[in-house]
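Novice: First the structure, then my questions, so here it is.
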Amino acid sequence: MLAVIADDFTGAAEIGGLALRYGLSVEIATAVPAASAVEVLIVSTDSRSMNKEEAWKITADTLDKLLALKPVFIYKKIDSVLRGHVLAELKIQLAKTGLEKALMVPANPSLGRTIVNGRYYLNGMPIHETSFSSDPEFAIKSSLVTDMVNDEQGEVIVLKPTEPLPVKGFAIGEVNNDEHVKIWASRTGNETLLAGGGDFFMAVMEARGFNQIEQGSATELVLGSPTLLVSGTSFTKSVAAIKALKNNGGPVFYMPVHGLENAGQETEADEISKHLTTDQKAIVAIDNEADMPAYTSALWLRKAMAKLVAAVFKKIAIGELLVEGGSTAAAIIEELQCSRFYPTHELQRGAVRMRMKYFENCHITIKPGSYDWPPQIERLYL
């Protein structure tokens, strides 16, 4: 068994979709199961949405239980733009596994994300000049990768693909193209903790002898009905598309932040359910232009949204649940008390459709907020 620890649910889903390309059976779980018969077990800790102490604790506990299953190796899926408690979690993984060095290759050149001369770029633009600068929890204010991982003690070195790995400690590999990613993967073995994004995961798999298989196209996949799309992202493109749909009379329901914990939740759930019955589709989102009460925070908003979605599930049988935003997805599945998922289709990179263990007639598709929806979903909604 191969194992992956992901710090958020969209990252776990992305790796699950990539593992399908190799013809492997995959399970995604929110906690380490006592046993699993799949070839790739991915555990989503949701540690990115926690404070550093909580993230450290859940990572340590996850590693203890995962190591008891004796996986062939453990890949650490980190955010491709290094949000979260990356360095703190890698430190505990080194301690638990007995390894002395860690290599991070977070950037995905295939998606326009590169690291050159110690700086991170998105489609050629310094990352701190993009929408990531306004992330509500991990706003990126510098493109220096050592700043991005909060390397306050000078523990991390940044290496070019031609430079050797250190004997011990932490390194970030620069990548400007797919070939650089392959070079890093070819130079690592079981003595190095491997952490990174999707591109590096695929390169590691292929360096270890796994080959991609031919897969049928998912572009004509018929989604379940009714379909509920939940958007928890602050990324400009998605926010603007939903706003435009709302202004054109589309089935968009902005979450009522005032009074949601009281009658507002039930009233809104009734309205959404009625619309799903008649139109078979709806979107739940947060109005970023709304006047938010002083007590709101990113954590409060996603938990409130999760409660609203759970209230809708109690009123109508959802056939397809679409969620953008890893922390939002984690809050929803926690509220629904669903902890095990089985990827069935990679609709496109990062957008993965899964069977839900405890909701046999409902599939869930997850994607990061910064990724686009697949064409069949955009045609349905946007």
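Novice: State whether the residues of the stretch 196-212 include one that is open to solvent by 10 Å² or more (accessible area, probe 1.4 Å), modelled with pLDDT of 85 or more and under 24 Å from residue 361 (Cα atoms).
Specialist: Scanning the stretch 196-212 turns up no residue that is open to solvent by 10 Å² or more (accessible area, probe 1.4 Å), modelled with pLDDT of 85 or more and under 24 Å from residue 361 (Cα atoms).
Novice: Test residue 64 against the stated conditions and say whether it is under 12 Å from the mean Cα position of the chain (by Cα) and open to solvent by 10 Å² or more (accessible area, probe 1.4 Å).
Specialist: Here the answer is no, as residue 64 does not meet what is asked.
Novice: Okay, next question. Hey, among the residues in the stretch 1-18 that are assigned to a helix (DSSP H, G or I) and touching a strand residue (DSSP E or B) at 6+ places or on another chain (Cβ under 6 Å), which one's farthest from residue 87 (Cα to Cα)?
Specialist: 17
Novice: All but one of (1) closer than 24 Å to residue 329 by Cα; (2) of a type in the set (Gly, Ala, Ser); (3) free of Cβ contacts under 8 Å to residues at least 40 places away in the same chain hold for residue 37, so report the exception by its number.
Specialist: (1)
Novice: Under 20 Å from residue 101 (Cα atoms) and open to solvent by less than 30 Å² (accessible area, probe 1.4 Å): does that describe residue 9?
Specialist: Numbers: under 20 Å from residue 101 (Cα atoms): no; open to solvent by less than 30 Å² (accessible area, probe 1.4 Å): yes.
No; evaluated as a whole, the condition is false for this residue.
Novice: Between 116, 149, which is under 21 Å from residue 103 (Cα atoms), open to solvent by less than 30 Å² (accessible area, probe 1.4 Å) and at pLDDT 95 or above?
Specialist: Numbers: 116 fails: open to solvent by less than 30 Å² (accessible area, probe 1.4 Å).
After applying the criteria, what remains is 149.
This table checks each residue for (1) at pLDDT below 80; (2) under 26 Å from residue 14 (Cα atoms); (3) small (Gly, Ala, Ser).
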residue	(1), (2), (3)
264	yes, no, yes
269	no, no, yes
280	no, no, no
309	no, yes, no
315	no, no, no
318	no, yes, no
322	no, yes, no
332	no, yes, no
337	no, yes, no
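Novice: Are any residues in the stretch 162-173 more than 22 Å from the chain's Cα centre (by Cα) and either open to solvent by less than 20 Å² (accessible area, probe 1.4 Å) or within 22 Å of residue 84 (Cα to Cα) (or both), and if so, which ones?
Specialist: First pass over the stretch 162-173, keeping only residues more than 22 Å from the chain's Cα centre (by Cα): 162-171.
Correct list: 169, 170, 171.
Novice: Looking at the stretch 123-145, which of its residues are at pLDDT 95 or above and open to solvent by 40 Å² or more (accessible area, probe 1.4 Å)?
Specialist: Those that are at pLDDT 95 or above and open to solvent by 40 Å² or more (accessible area, probe 1.4 Å): 123, 124, 125, 128, 129, 141, 144.
Novice: Taking residue 110 and the conditions (1) surrounded by 15 or more Cβ atoms within 10 Å (Cβ to Cβ); (2) not in a loop (DSSP other than H, G, I, E, B), which numbered condition does it fall short on, given that it satisfies the others?
Specialist: Unmet for residue 110, out of (1) surrounded by 15 or more Cβ atoms within 10 Å (Cβ to Cβ); (2) not in a loop (DSSP other than H, G, I, E, B): (1).
Novice: Sticking with this structure for a sec: Are any residues in the stretch 24-56 surrounded by fewer than 15 Cβ atoms within 10 Å (Cβ to Cβ) and assigned to a helix (DSSP H, G or I), and if so, which ones?
Specialist: Hits for the stretch 24-56 are 52, 53, 54.
Novice: Out of the residues in the stretch 352-378 meeting the condition of being touching a Ser or Thr at 6+ places or on another chain (Cβ under 8 Å) and assigned to a strand (DSSP E or B), tell me which one is most open to solvent (accessible area, probe 1.4 Å).
Specialist: Once the filter is applied, the top-ranked residue is 355.
Novice: Is there a residue being open to solvent by less than 60 Å² (accessible area, probe 1.4 Å) and assigned to a helix (DSSP H, G or I) anywhere in the stretch 184-193?
Specialist: yes
Novice: Check whether at least one residue in the stretch 231-240 is open to solvent by less than 30 Å² (accessible area, probe 1.4 Å) and at pLDDT 90 or above, and report yes or no.
Specialist: Scanning the stretch 231-240, I find at least one residue that is open to solvent by less than 30 Å² (accessible area, probe 1.4 Å) and at pLDDT 90 or above, so the answer is yes.
Novice: Is it the case, given these coordinates, that residue 87 is of a type in the set (A, V, I, L, M) and either assigned to a loop (DSSP other than H, G, I, E, B) or at positive phi (or both)? Please lay out each step first, then the result.
Specialist: Values: of a type in the set (A, V, I, L, M): yes; either assigned to a loop (DSSP other than H, G, I, E, B) or at positive phi (or both): no.
Against the criterion (of a type in the set (A, V, I, L, M) and either assigned to a loop (DSSP other than H, G, I, E, B) or at positive phi (or both)), residue 87 does not qualify.
Novice: When you look at residue 59, is it open to solvent by 10 Å² or more (accessible area, probe 1.4 Å) and closer than 23 Å to residue 326 by Cα, yes or no?
Specialist: Judged against the criteria, residue 59 is not a match.
Novice: Starting from residues that are under 28 Å from residue 327 (Cα atoms) and of a type in the set (A, V, I, L, M), keep the ones in the stretch 128-161 and report whichever is farthest from the chain's Cα centre (by Cα).
Specialist: Among residues in the stretch 128-161 that are under 28 Å from residue 327 (Cα atoms) and of a type in the set (A, V, I, L, M), the one farthest from the chain's Cα centre (by Cα) is 156.
The values are calculated or read from the model by the stated rules, or taken from the named source; none is laboratory data. Just so you know, these numbers come straight off a predicted model, no measurement behind them. Backbone-built Cβ (ideal geometry, glycine too); neighbour counts: all protein chains shown. Just the protein is used for accessible areas: all its heavy atoms, side chains included, with ligands, DNA and RNA removed. Shrake-Rupley method; radii C 1.70, N 1.55, O 1.52, S 1.80 Å.
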